[in-house]
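Enquirer: I'd like to ask some things about the structure below.
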Amino acid sequence: MGEVVEIFYENGFSNKVICNDTPTNPNHQDCCTWYEEIIDDDLKWSFALNRVLHKGTSQYQDIALLDTKHFGKVLVIDGKMQSAEVDEFIYHECLIHPPLLCHPNPKTVFIMGGGEGSAAREALKHKTIEKVVMCDIDQEVVDFCRRYLTVNQEAFGDKKLNLVVNDAKAELEKRSEKFDIIVGDLADPVEGGPCYQLYTKSFYQRILKPKLTENGIFVTQAGPAGIFTHKEVFSSIYNTIKQVFKYVLAYTAHVPSFADTWGWVMASDQPFSIDADELDIRIRDRINGELLYLNGASFLSSATMNKTVSLSLLNETHVYTEEDARFIHGHGVAYNRL
């Protein structure tokens with residue numbers, strides 16, 4: 001048996017050192033440091049670490065960049081896994097390529113959040129794109145992602161990328177231009193976090209939708225969408241967007257480092273073109289390089305929900321407002337300061 005020692009920190013992070021007397025893998029170190037993410041009151045998700053690259057608190061959120069043994073470098077914000085080096089392509093391909101491929105000729109993209117640069121990287125693969133605005137509220141997140149996430153260095157240096165550090169709501173409000181695609185690459189809505197107002201009906205209706213072009217498409221990450229977790233925020237975000245746009249499509253994919261199925265919602269006032277063969281043709285003709293996850297058939301499959309989730313989406317009545325928001329488990333910096 002091994003000896004277990006736990007050290008807990010005020011911001012919810014914990015390190016666990018497990019020393020094995022009889023390791024099953026002779027090439028594995030006898031002692032490992034572990035990071036634990038609290039998924040629910042009685043559920044944790046643990047990662048063996050090589051080292052902690054960065055850990056601190058910005059003006060807006062708790063931030064950690066960890067070098068894990070299984071998932072490579074991972075970005076953690078307010079105690080929640082945001083991205084892992086080995087499988088972030090699943091999340092970011094699903095977030096970016098469906099709306100750009102469904103649009104007839106996308107030229108401009110506005111990304112809310114996305115400070116790590118991966119969403120911008122995927123958008124810049126499209127040959128028709130002329131301008132990508134990435135607006136993240138947290139300078140510290142942007143700075144250390146530019147330093148440590150080397151996979152996105154080319155995207156950060158692209159002349160088509162306009163990097164803005166500001167609140168996305170304020171930035172959209174002050175801009176007179178409209179965009180073909182608006183992307184919500186935001187942190188999960190947690191109580192006291194900086195993002196939950198950007199999931200509300202009033203924001204979508206008054207600020208975001210007027211900034212879309214006539215054929216414009218909006219897409220957002222929508223949180224956990226698993227059989228046990230989809231009612232946390234996924235079904236509510238879907239129903240809220242349905243109140244604002246004529247055509248709304250929810251789709252999901254399993255992301256291993258998230259330990260769950262994840263959800264996205266895409267919306268427009270124009271119908272989507274989602275024929276599998278046509279999407280494959282557009283991928284071939286429009287995108288520089290190869291996608292690792294998404295093709296036409298897999299996207300159509302991802303938009304087919306199981307019976308339980310389908311019924312939840314159909315029957316959901318909750319609408320996100322500033323006064324009546326839903327949150328996933330956890331708290332942001334503002335909550336901790338109360």
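Enquirer: Compute the helix-to-body angle for 139-148: its Cα long axis versus the longest principal axis of the chain, expressed 0 to 90° and rounded to tens.
Expert: Its long axis makes an angle of about 70 degrees.
Enquirer: Quick one: compute the contact order of the stretch 202-280, relative version, from alpha carbon pairs under 8 angstrom and 6+ residues apart, as a percent. Numbers along the way, then the final one.
Expert: Details: 106 pairs, mean separation 26.9, N = 79.
Reported relative contact order: 34 percent.
Enquirer: Under 5 Å between amide hydrogens, which residues at least 5 positions from LEU49 or on another chain qualify, with H placed 1.01 Å from N in the peptide plane?
Expert: Those qualifying (amide H under 5 Å, at least 5 residues apart or on another chain) are THR33, TRP34, TYR35, LYS69.
Enquirer: With θ set to phi - 60°, apply the Karplus curve 6.51 cos²θ - 1.76 cosθ + 1.60 along the stretch 46-57 and write out the HN-Hα couplings as whole Hz, x wherever there is a Gly or Pro.
Expert: 10, 10, 6, 10, 7, 6, 9, 7, 7, 7, x, 10
Enquirer: For the chain, what's the relative contact order in percent, using C-alpha pairs closer than 8 Å and at least 6 residues apart?
Expert: 16
Enquirer: According to the square roots a ≥ b ≥ c of the eigenvalues of the Cα gyration tensor, what is the shape class of the stretch 229-277, taking rounded for a/c under 1.5, prolate for a/b larger than b/c otherwise, and oblate for the remainder?
Expert: Since a/c reaches 1.5 but b/c is at least a/b, the shape of the stretch 229-277 is classed as oblate.
Enquirer: Within the accessible area of the chain, what % is carbon and sulfur when the probe is 1.4 Å and the other protein chains stay in place? Show your work: numbers first, answer last.
Expert: Numbers: 7380 of 15210 Å².
With neighbouring chains kept in place, the figure for the chain is 49 percent.
Enquirer: Rounded to the nearest 5, what % of the DSSP beta bridges within the stretch 42-168 are antiparallel ones? All intermediate terms of the calculation are to be shown ahead of the outcome.
Expert: Numbers: 17 of 27 bridges.
The antiparallel proportion sits near 65 percent.
Enquirer: Ok, one more. Run down the lysines and flag those whose C-alpha is under 18 Å from the C-alpha of LYS209, throwing out any fewer than 8 positions away in its chain.
Expert: Reachable lysines: LYS107, LYS169, LYS174, LYS178, LYS201, LYS242, LYS246.
Enquirer: Would you be so kind as to identify which of GLY114, LEU172, GLN153 lies farthest towards the positive end of the dipole of the stretch 112-200, taking Lys and Arg as +1 and Asp and Glu as -1 on Cβ and the Cα centre as origin?
Expert: With unit charges placed on the Cβ atoms, the residue in question is GLN153.
Enquirer: Turning to a different aspect of this structure: May I ask for the distance between the Cα centers of the stretch 89-147 and the stretch 212-284, given as a whole number of Å?
Expert: 16
Enquirer: Estimate the FRET efficiency between ASP41 and TYR148 by the formula 1/(1 + (r/R0)^6), using the beta-carbon distance for r and 41 Å for R0, to the nearest 0.05.
Expert: Working: r = 32 Å, r/R0 = 0.78.
So, using R0 = 41 Å, E works out to roughly 0.80.
Enquirer: Taking a probe of 1.4 Å, how large is the accessible area per residue of the stretch 131-208, in Å²?
Expert: Normalised by residue count, the accessible surface of the stretch 131-208 is 42 Å².
The values are calculated or read from the model by the stated rules, or taken from the named source; none is laboratory data. Computed from a prediction, not measured in an experiment: that's the story for all the values here. Neighbour counts are summed over all protein chains in view; Cβ atoms, including those assigned to glycine, are modelled from backbone coordinates with ideal geometry. Quick note on the areas: whole protein, heavy atoms, side chains included, nothing else; ligands and nucleic acids left out. Shrake-Rupley method; radii C 1.70, N 1.55, O 1.52, S 1.80 Å.
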